[in-house]
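A quick write-up on the structure given underneath.
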Amino acid sequence: MLDVARIRAITLDLDDTLWPIWPTIERAEQALTRWLSEHAPMTSALFANPHARHDIRQQVLRAQPELSHNLSAVRLEAIRLALHRAGDNPSLATEAFEVFFAERQRVTLYEDALPALEWLAQRFRLVALSNGNADLQRMGLARMFKGSINPATCGVGKPDVRIFQAAARCVGVAPANVLHVGDDASLDVLGALGAGMQTVWVNRSEQLWPFDDRAPHEDVCQLGELCDLLA
C-alpha cells in the first residue's frame with residue numbers, strides 16, 4: 001500500500017506507460033524507409049533485410065561501445081554505416097535520422113494519459129524517467145515535467161538504481177519520497193524498489209505479477225486509478 005504522505009515527486013516512465021511505443025516505432029521506420037527509397041535507394045534495399053539491420057547495429061555497438069546507452073546516437077551511426085556500406089552518400093545520415101526521429105515523436109497518448117498528467121503536475125514534481133529517446137519538448141508535454149532523465153543523459157539505464165537516484169536528485173528529493181510509475185515489472189518496479197522508491201505498476205493488459213519476492217506498492221490498469229490513489 002502506498003504511503004501517500006511521503007510522496008514529494010513522481011518519476012514517470014514514458015513508452016508503453018503514457019503511449020504505446022511499437023506503433024510509433026513502426027511509423028518512424030516506414031517514414032525512414034520512404035525517405036531512403038527516394039534519396040538513398042541502395043541503403044533502402046540493404047535495410048529491407050532485417051538481418052543486415054541487426055548486423056549493422058551490432059557493428060556500431062562493437063566499434064563504439066560508449067554509445068550503448070544512447071539510442072539516438074546508435075541509430076544515427078547505424079544509418080551512416082549503412083549508407084557507406086551500400087555505396088550511398090554517408091553525409092545523408094543526419095537528414096535521414098531526423099526523418100525517423102521526427103516521426104518517433106508523433107506518439108498517440110493513451111486516452112487516460114493527458115488528463116492524468118494534468119492532474120499530477122498540479123500536485124507533484126514530475127520527472128520523466130525513460131530508457132527511450134522521447135523528446136517531451138517536441139511532443140508538447142515538457143511543460144508538465146520538472147526534468148527528464150534517460151540513459152543518454154545519465155550513462156546508465158533502468159533498472160540500474162543510479163538512474164532512479166539521478167531522477168530524484170534533479171528535483172532535490174530523496175528517493176524515499178519519490179513514487180515511480182511504469183509499465184515494466186523488472187525495469188520499472190524492481191529497479192525503483194532497489195533505489196528505495198515507492199512504486200505503482202501500470203498493468204494495462206492485466207497480467208499476473210511475475211515475481212514472488214518483491215511486488216509494487218500498488219498496481220493500476222490505467223492512470224485515472226493512479227490519480228484516485230493519490231487524491
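Here are a few things to note about the model shown:
- Among residues that are in a loop (DSSP other than H, G, I, E, B), within 15 Å of the chain's Cα centre (by Cα) and either surrounded by 15 or more Cβ atoms within 10 Å (Cβ to Cβ) or among the charged types (D, E, K, R) (or both), THR108 is not included.
- For region 80-98, the count of residues that are buried (at least 19 other Cβ atoms within 10 Å of the Cβ), in contact with a helix residue (DSSP H, G or I) (Cβ under 6 Å, 6 or more places away or on another chain), in contact (Cβ under 8 Å) with a residue 12 or more places away in the chain and of a type in the set (D, E, K, R) is nonzero.
- Within region 186-198, the presence of a residue that is out of contact with any Pro (no Cβ under 9 Å at 6 or more places or on another chain) and modelled with pLDDT of 95 or more is excluded.
- Considering each residue of region 176-197 in turn, none proves to be without any contact (Cβ under 8 Å) to a residue 40 or more places away in the chain, in contact with a strand residue (DSSP E or B) (Cβ under 7 Å, 6 or more places away or on another chain) and polar (S, T, N, Q).
- Residue in region 120-130 that is at pLDDT 95 or above, part of a helix (DSSP H, G or I), more than 20 Å from LEU14 (Cβ to Cβ) and aliphatic (A, V, I, L, M) present: no
- Scan of region 181-199 for residues that are more than 17 Å from the chain's Cα centre (by Cα), closer than 15 Å to LEU12 by Cα and outside any helix (DSSP H, G or I), ordered by number: ALA195, MET197, GLN198, THR199
- When the residues of region 19-60 are filtered to those that are within 17 Å of THR94 (Cα to Cα) and of a type in the set (Phe, Trp, Tyr), the one that is surrounded by the most Cβ atoms within 10 Å (Cβ to Cβ) is PHE47.
- Residue list for region 51-80, filter: of a type in the set (A, V, I, L, M, F, W, C) and over 29 Å from GLN137 (Cα atoms): ALA52, ILE56, ALA63
- Restricting ASP160, ASP88, ASP112 to those that are under 19 Å from ILE21 (Cβ atoms), modelled with pLDDT of 95 or more and of a type in the set (D, E, K, R) reduces the list to ASP112.
- Region 1-18 - residue that is of a type in the set (Asp, Glu) and surrounded by fewer than 20 Cβ atoms within 10 Å (Cβ to Cβ) and, of those, nearest to MET144 (Cα to Cα): ASP16
- Listed here are the helices (runs of 4 or more DSSP H) enclosed by region 1-70 that have at least 1 residues being acidic (Asp, Glu): 21-39, 50-63.
The values are calculated or read from the model by the stated rules, or taken from the named source; none is laboratory data. Computed from a predicted model, the values in this text were never measured in an experiment. Here Cβ is always computed from backbone atoms with ideal geometry, including for glycine, and neighbour counts include all displayed protein chains.
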